[in-house]
Amino acid sequence: QVQLVESGGGLVQAGGSLRLSCAASGLTFSSTAMGWFRQAPGKEREFVAAISWMGVRTYYADSVKGRFTISRDNANNTVYRQMNSQKPEDTAVYYCATASYGKGWPPYRYDYWGQGAQVTVSS
């Protein structure tokens, strides 16, 4: 079955950087688009970023443009989310997910989800 496992979360000071990883198994990773979401305490889960299966196309939420970078390593079945210039409002549980996008972009559906990784940004 499809498994997504996030890692790399933790505590970081405001202005700092952190990279999350998501290791995938049970799927043909190199032909699967991927995305990142986050959920802050008391808030709904929100979209962060997406990347196409070859990494040619990306898409970001306005709140993270210029600070977050999504990338992937198809040889190692891993997608990454680099966070720079972090703010306390970036504190959330971050989830990776598989994405479907058909002939368009960005993805319209996310199917399989990881368990999430906590990121806490202190002020």
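The values are calculated or read from the model by the stated rules, or taken from the named source; none is laboratory data. Quick caveat: nothing in here was measured; it's all calculated off a predicted structure. Methodologically, a virtual Cβ is constructed for each residue, glycine included, from the backbone with ideal geometry; neighbour enumeration extends over all protein chains shown. The accessibility values were calculated without ligands, DNA or RNA, using every heavy atom of the protein model including side chains. Shrake-Rupley method; radii C 1.70, N 1.55, O 1.52, S 1.80 Å.
Any idea which residue in the range 34-73 is nearest to Gly102 (Cα to Cα), counting only those that are of a type in the set (S, T, N, Q) and touching a Gly at 6+ places or on another chain (Cβ under 9 Å)? Talk me through it step by step, then tell me what you get.
Step one: filter the range 34-73 for residues of a type in the set (S, T, N, Q), giving 39, 52, 58, 63, 69, 71.
Then keep just the ones that are touching a Gly at 6+ places or on another chain (Cβ under 9 Å); that gives 39, 71.
Numbers: Gln39: 26, Ser71: 20 Å.
Once the filter is applied, the top-ranked residue is Ser71.
Do the conditions hold for Val93, that is, is it among the β-branched types (Val, Ile, Thr) and modelled with pLDDT of 95 or more? Don't jump to the end; show me each part of the working.
Details: among the β-branched types (Val, Ile, Thr): yes; modelled with pLDDT of 95 or more: yes.
Judged against the criteria, Val93 is a match.
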Out of all the residues in the range 5-21, is one or more touching a strand residue (DSSP E or B) at 6+ places or on another chain (Cβ under 7 Å), at pLDDT 95 or above and of a type in the set (Asp, Glu)?
yes
Kindly provide the set of residues from the range 25-60 that are of a type in the set (A, V, I, L, M) and either in contact with a helix residue (DSSP H, G or I) (Cβ under 8 Å, 6 or more places away or on another chain) or open to solvent by 20 Å² or more (accessible area, probe 1.4 Å) (or both), ordered by number.
Leu27, Ala40, Met54, Val56
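Among what's in the range 79-120 and is among the basic types (Lys, Arg) and within 30 Å of Ala14 (Cβ to Cβ), pick the residue that is surrounded by the fewest Cβ atoms within 10 Å (Cβ to Cβ). Walk me through it before giving the result.
Narrowing the range 79-120 to residues among the basic types (Lys, Arg): 81, 87, 103, 109.
Of the ones still in play, those that are also within 30 Å of Ala14 (Cβ to Cβ) are 81, 87.
On the way: Arg81: 27, Lys87: 14.
The extreme case among them is Lys87.
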Identify all residues within the range 69-90 that are under 13 Å from the mean Cα position of the chain (by Cα), closer than 19 Å to Ala33 by Cβ and touching a residue at least 24 places away in the same chain (Cβ under 8 Å); write none if there are none.
Ile70, Arg72, Thr78, Val79, Tyr80, Arg81, Gln82
Any chance you could count how many residues in the range 29-63 are in contact with a Phe, Trp or Tyr (Cβ under 9 Å, 6 or more places away or on another chain), within 19 Å of Glu6 (Cα to Cα) and not in a strand (DSSP E or B)?
6
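When you check Asn77 against the structure, is it among the polar types (S, T, N, Q) and under 15 Å from Val5 (Cα atoms), yes or no? Working first, answer last.
Working: among the polar types (S, T, N, Q): yes; under 15 Å from Val5 (Cα atoms): yes.
Taking the combined requirement at face value, the residue satisfies it.
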